[in-house]
Structure formats: structure tokens, C-alpha cells
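The values are calculated or read from the model by the stated rules, or taken from the named source; none is laboratory data. As the structure is a computational prediction, the values presented were derived from the model and not from experiment. Here Cβ is always computed from backbone atoms with ideal geometry, including for glycine, and neighbour counts include all displayed protein chains. Just the protein is used for accessible areas: all its heavy atoms, side chains included, with ligands, DNA and RNA removed. Shrake-Rupley method; radii C 1.70, N 1.55, O 1.52, S 1.80 Å.
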Amino acid sequence: MFLSASVPLPTRNPTYFATVDVLAIRDAVRALAIAVAEQEAELVFGGHPAITPMIRLQVTQTGARVGDHFVLFQSRFFTSTFPRDNASFERVELVDAVPNDRNASLLRLREAMFAKPFDIGIFIGGMEGVEDEYEMFLQRHPAARVFPVASTGAAAAELFDRDPDLQREHPELRDEISYLTLMRGLIGPSLSPTYTLSGPSI
């Protein structure tokens, strides 16, 4: 499965910052890490200085084997600002930068991530990058299920509010604030048998 998440900054688009719930983002990301380990799934995500430490902390606390379940993608464009937590991940995919071009480097990173097969996309909080990744994910994986966690606010709430089908079929994306319950409910029924035993990005 794929995770796109970030914490909006007050210096960026105020629309995202006005609705963000930072504690909900933290709780949702950490609950997702637990559910991934429980389901013996594989989670792919792009390195982000706010999100990577949340996942690393939860993985450390649960004692899960990082390399079995988590794949971190990172663009070399951000080498000077890599989170120290990157060292905790055994599977780090470094994608070459486009020299002196942040946007082109991010596009190359996302194309590399989305070349993998996915059953599910989870979108938490975020800014423009989360919205961009949502659209790219849908284009490249039209059969995958997408879940913007609206209760975390920001870009995820914007995406949820634009989709009447999601609002009708998955009201829990806005209403459920027990995030471990939410993630278990979303992941369990959605994964292909390949990933199941018995049960930003910028």
C-alpha cells in the first residue's frame, strides 16, 4: 500500500493550515504503521521530515521488522535535509535528483514510487503534494482503493469533500477518530491475498 502524508506549514497555503489537526495526523500515521505490521503488509512512502520519525517511532515501539513491511523512497535532491530517522529503515530507495529543479525531482520520485503495484492508497493531512500524489496514484493505479483520512484535515479533507462516493461509502474517514480501528477496517478487507496472512511525501 502507499502512504502520502505531511504536516501543513503556516508559511504555505493557509487553506491547509486552517483545517489541519496535527495530533490526528500523528495518531493516524502511527496507527497505520501498527496495522501494516499486523497485516504483514508492505507500506511504501516518501520521506518527509515530519512523517518519517512518526513511523520510525511506532515501528521501534512495536518491535516489527522494518525491512519486512516498510519501504522509504527519498529524492537525492533533499540529501542535505534527510531526517536522521532514515537510518532506521533497511529498505530505502534513493531516486536521483533533477539538478537544480525541486519540482522535477519530486515528479521523478513519485514516478519511481508509483511504478510499484498497489492495492491501497492512504492520504493523511498534507498540502499540495498530497493532492498531486492522489491524482497521480489514481491515474497509475485505477483499480486501487483510495482513502483520504478527512478527520486529519488539510488536503485529505479537501479530497474527501470533493468525492460524494467516498462520503457515502466511507463516512468513517471523517467520523472515526479511533485511528487503529479505522486503519484495521480499511486495510483488512482491501489487501490482496498476496499481502495477507490471516486477517512527500512533500
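What number of residues within the range 21-51 are part of a loop (DSSP other than H, G, I, E, B), among the hydrophobic types (A, V, I, L, M, F, W, C) and open to solvent by less than 10 Å² (accessible area, probe 1.4 Å)? Steps first, answer last, please.
Keep residues of the range 21-51 that are part of a loop (DSSP other than H, G, I, E, B), which gives 21, 39-42, 47-50.
After this cut, where a residue has to be among the hydrophobic types (A, V, I, L, M, F, W, C) as well, the list is 41, 50.
Narrowing further to those that are open to solvent by less than 10 Å² (accessible area, probe 1.4 Å): 41.
Residues in the range 21-51 being part of a loop (DSSP other than H, G, I, E, B), among the hydrophobic types (A, V, I, L, M, F, W, C) and open to solvent by less than 10 Å² (accessible area, probe 1.4 Å): 1 in total.
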Of the numbered conditions (1) farther than 24 Å from Pro8 by Cβ; (2) crowded, with 21+ Cβ neighbours inside 10 Å; (3) not hydrophobic (A, V, I, L, M, F, W, C), Arg110 fails exactly one; give the number of that condition. (1)
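Of all residues in the range 95-128 being among the basic types (Lys, Arg) and assigned to a helix (DSSP H, G or I), which is nearest to Asp163 (Cα to Cα)? Walk me through it before giving the result.
Taking the range 95-128 and keeping what is among the basic types (Lys, Arg), we get 102, 108, 110, 116.
Checking the rest, the ones that are also assigned to a helix (DSSP H, G or I) come to 102, 108, 110.
Working: Arg102: 30, Arg108: 28, Arg110: 23 Å.
Checking each candidate, the answer is Arg110.
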Any residue at all in the range 68-78 that's open to solvent by 60 Å² or more (accessible area, probe 1.4 Å), over 25 Å from Ala31 (Cβ atoms) and modelled with pLDDT of 95 or more? yes
What is the number of the single condition among (1) among the aliphatic types (A, V, I, L, M); (2) surrounded by fewer than 18 Cβ atoms within 10 Å (Cβ to Cβ); (3) in a strand (DSSP E or B) that Met136 does not meet? (3)
Starting from residues that are open to solvent by 50 Å² or more (accessible area, probe 1.4 Å) and of a type in the set (S, T, N, Q), keep the ones in the range 89-107 and report whichever is farthest from Arg56 (Cα to Cα). Asn100
Residues that are touching a Phe, Trp or Tyr at 6+ places or on another chain (Cβ under 8 Å), in a loop (DSSP other than H, G, I, E, B) and small (Gly, Ala, Ser): does the range 175-182 have at least one? no
Odd one out for Pro10 among (1) farther than 27 Å from Ala144 by Cα; (2) open to solvent by less than 20 Å² (accessible area, probe 1.4 Å); (3) of a type outside the set (Ser, Thr, Tyr): (2)
Based on this model, can you work out whether Arg91 counts as basic (Lys, Arg) and under 23 Å from Leu32 (Cβ atoms)? yes
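Just to check your reading of the model, which residue among Glu131, Glu158 is modelled with pLDDT of 95 or more, in contact with a Pro (Cβ under 9 Å, 6 or more places away or on another chain) and either open to solvent by 10 Å² or more (accessible area, probe 1.4 Å) or not in a helix (DSSP H, G or I) (or both)?
Working: Glu131 fails: in contact with a Pro (Cβ under 9 Å, 6 or more places away or on another chain).
Result: Glu158 is the single residue among Glu131, Glu158 that is modelled with pLDDT of 95 or more, in contact with a Pro (Cβ under 9 Å, 6 or more places away or on another chain) and either open to solvent by 10 Å² or more (accessible area, probe 1.4 Å) or not in a helix (DSSP H, G or I) (or both).
Take Phe147 and tell me if it is in a strand (DSSP E or B), aromatic (Phe, Trp, Tyr) and within 22 Å of Gln58 (Cβ to Cβ). Give the steps one after another, and end with the answer.
Numbers: in a strand (DSSP E or B): yes; aromatic (Phe, Trp, Tyr): yes; within 22 Å of Gln58 (Cβ to Cβ): yes.
The answer is yes for Phe147.
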